[in-house]
Amino acid sequence: AKDYEIAVLLDFYGEILTEKQRDVIDLYYNQDLSLAEIAVEYGITRQGVRDSIKRGEGLLTEMEEKLGFAKRHRTMKQSYDKVLEQVLLIESYNDQFCFSKEITEAADSIRKTIISLTQTA
């Protein structure tokens, strides 16, 4: 199975690759083209496509090991999701027991902030 992680790493570090490597990896992982289809498109052998993909994967993996941007992004997304879960819980308790306008407004403000952060992250 094609590795989803490489597609994610391509988003983070794709600019460090050559244009050809970036395009070939995009075609393979994001567009789901076969090695043969990519080879025809670029006028090279399947082995040439495979070698380009493997070199690119190595560079992407190396950058992630050094910088960890994708891992940090996943961790932040998980944290945002947990905060949103807690906001829903607070709203539910408030609706059931307190009926506080201040709690409703604070929960709504937190939700909007988290949504804003996830759209810019």
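Only residues in region 82-100 that are among the small types (Gly, Ala, Ser) count as the first member; pair them with residues that are open to solvent by less than 100 Å² (accessible area, probe 1.4 Å), Cβ under 7 angstrom, at least 6 apart or cross-chain, and list the lot.
Between residues of region 82-100 that are among the small types (Gly, Ala, Ser) and residues that are open to solvent by less than 100 Å² (accessible area, probe 1.4 Å), the close pairs are Ser100/Asn94.
So which residues in region 1-19 are in a helix (DSSP H, G or I) and over 15 Å from Met63 (Cα atoms), if there are any at all?
Selection gives Tyr4, Glu19.
Taking region 20-56, which residues are without any contact (Cβ under 8 Å) to a residue 24 or more places away in the chain, in a helix (DSSP H, G or I) and within 27 Å of Arg74 (Cβ to Cβ)?
Asp23, Asp26, Leu27, Asn30, Lys54, listed by residue number.
Does region 60-71 contain any residue that is part of a helix (DSSP H, G or I), under 24 Å from Ser116 (Cα atoms) and open to solvent by 70 Å² or more (accessible area, probe 1.4 Å)?
yes
The values are calculated or read from the model by the stated rules, or taken from the named source; none is laboratory data. Model, not experiment: these values are computed from the prediction. Methodologically, a virtual Cβ is constructed for each residue, glycine included, from the backbone with ideal geometry; neighbour enumeration extends over all protein chains shown. In case anyone asks, the SASA skips ligands and DNA or RNA and just uses the protein heavy atoms, side chains included. Shrake-Rupley method; radii C 1.70, N 1.55, O 1.52, S 1.80 Å.
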